[in-house]
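So the structure is just underneath, and the comments pick up after that.
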Amino acid sequence: MASNNGQTDQILVEEKSCVRIVMLNRPKQLNALSAVMVSRLLELYLACAEDSSVKFIILKGKGRAFCAGGDVAAVVHDINQGNWKLGADYFRKEFTLNYVMATYSKPQVSILNGIVMGGGAGVSVHGRFRIATENSLFAMPETALGLFPDIGASYFLSRLPGFFGEYVGLTGARLDGAEMLACGLATHFVRSERLPLLEEALIKADSSDPVVISTTIGDFSHAPNLKKNSAYHRLDVINKCFSRRTVEGIIAALEKEAADKKDDWIFSTVQSLKKASPMSLKISLRSIREGRLQGIGKCLVREFRMVCHVMLGEVSKDFVEGCRAILLDKDRNPKWEPSKLELISDEMVDRYFSKVDDNGWEDLKLPVSSELPAYAIAKL
């Protein structure tokens, strides 16, 4: 057990005149968000919201990752000990943090110079400015773990161009910085060697005005070229296939495309879907589709219900099995149950979206802020 000092060291804070520079500091764990980090970030953001001397926040990660996700190994440990509610407490706090960031009254500049996955997207994509670099690597790999894209991903994935969000969320596809910028997950692209100068310029600008911040970042940024084999060049095929109503329909449409022309990208996309948890694919697709019509708050409340059902494991224990196969034993050979899409009924999927029937359990209650900026109100 780390001492309190060791724990607060997981988040480093630098005060520079009008700016708080916050660094995620678990480089060996690729800055995976521990319960301590989530609590500390929430505390920091709430304190900075009240502090009139703070004009904006810069958030970054130490080492080669911005943040590789939530600390799901700890959650699975709690489930295996028969204490899923500890995991629920972790997600409750994490989703509250995501909501605070999405509706924050001050600009957040996230520097995504490295790996950004799962929970790492949750603490960055909801913020106002997201800077990708040549080192950025984005993915929502949850369906391979028996989970689903959570942290408000049903809100932001459903708002990517066409059906690109369904593609990214269901397959766990990896995107580089240029692709992040092209689809809107990043707002700017800056080469990593220019980041120290950019930070200095932002501090010097001394402004909470999003136009000033955007212009300052713009002075350091450029639009990189998409690689020739980028999935973003396949938006037509993605829209044609991933717009289907069911997961089975998506796979059938992709296979039909593959039959018409030999294409390695389509083949690997189908393989990603066939390797993923069938239950995860079903609930993920429905979640993203519902997210298209909901604000960030409603998305997080619904996703919290879903994640509690996942941890309870009444319909499927795929989350525990996926984490065992990918993160713990690392045999990469999960035994999904139900093992096939056709074994999953609509009623089974519906269970994940219903209120949790457990003594003392409560829906996610989100903080109400009276000082939300206009762009945040539009998200609600």
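General observations
- Rounded if a/c under 1.5, otherwise prolate or oblate - the stretch 39-149, Cα gyration tensor axes: oblate
- Listed by chain and number, the lysines placed with their C-alpha closer than 24 angstrom to that of LYS16 are LYS55, LYS60, LYS62, LYS106, LYS204; residues fewer than eight positions away on the same chain are left out.
- Residue of SER316, SER154, SER124 that the Gaussian network model of the chain assigns the largest fluctuation, springs spanning Cα pairs under 10 Å: SER316
- Restraint check, LYS275/LYS355; LYS93/LYS317; LYS228/LYS262; LYS261/LYS340; LYS274/LYS355; LYS85/LYS317, Cα-Cα greater than 19 Å: LYS275/LYS355; LYS93/LYS317; LYS261/LYS340; LYS274/LYS355
- With every protein chain in place, the chain: carbon and sulfur % of accessible area (1.4 Å): 51
- Backbone amide hydrogens, once placed in the peptide plane, bring ARG130 within less than 5 Å of SER110, THR187, HIS188, excluding anything fewer than 5 places away on its chain.
- As a calculated quantity, the FRET efficiency between LYS28 and ARG245 at R0 = 45 Å, using C-beta atoms, amounts to about 0.55.
- For the chain, the solvent-accessible area with a 1.4 angstrom probe is 44 square angstrom per residue.
- Shape call, the stretch 103-253: gyration tensor on alpha carbons, a/c limit 1.5: prolate
- Partners of LYS256 within straight-line reach, counting aspartates and glutamates whose Cα lies under 13 Å from its Cα and excluding those fewer than 8 residues away in the same chain: GLU248.
- The structure-derived value of Cα extents along the principal axes in Å appears in the list [x] 71, 39, 39; [y] 75, 51, 39; [z] 59, 52, 38 under the label [z].
- Fluctuation leader among SER243, SER272, SER354 - the chain, Gaussian network, Cα springs under 10 angstrom: SER354
- Across the options LEU197, LEU175, GLY218, the greatest Cα extent toward the positive end of the charge dipole of the stretch 160-241 (unit charges at beta carbon of Lys, Arg, Asp, Glu) belongs to LEU175.
- Amide N of the stretch 55-86 lying under 19 Å from the label point, which is placed 7 angstrom from the Cα of ASP331 along Cα→Cβ: 77, 80
- Extending 7 Å from the Cα toward the beta-carbon at both ALA252 and VAL212 defines two label points whose distance is 5.7 nm.
- Counting charges near PHE91 (Lys, Arg +1; Asp, Glu -1) among other residues having Cβ under 14 Å from its Cβ returns a value of -3.
- With a simple spin-label model that places each label point 7 Å from the Cα along the Cα-to-Cβ direction, the separation between GLU15 and LYS204 comes to 2.4 nm.
The values are calculated or read from the model by the stated rules, or taken from the named source; none is laboratory data. Predicted, not measured: the structure shown is a model, and the values here were computed from it. So basically every Cβ, Gly included, is an ideal-geometry build from the backbone, and we count neighbours across all protein chains shown. Note: areas computed on protein heavy atoms with side chains; ligands, DNA, RNA excluded. Shrake-Rupley method; radii C 1.70, N 1.55, O 1.52, S 1.80 Å.
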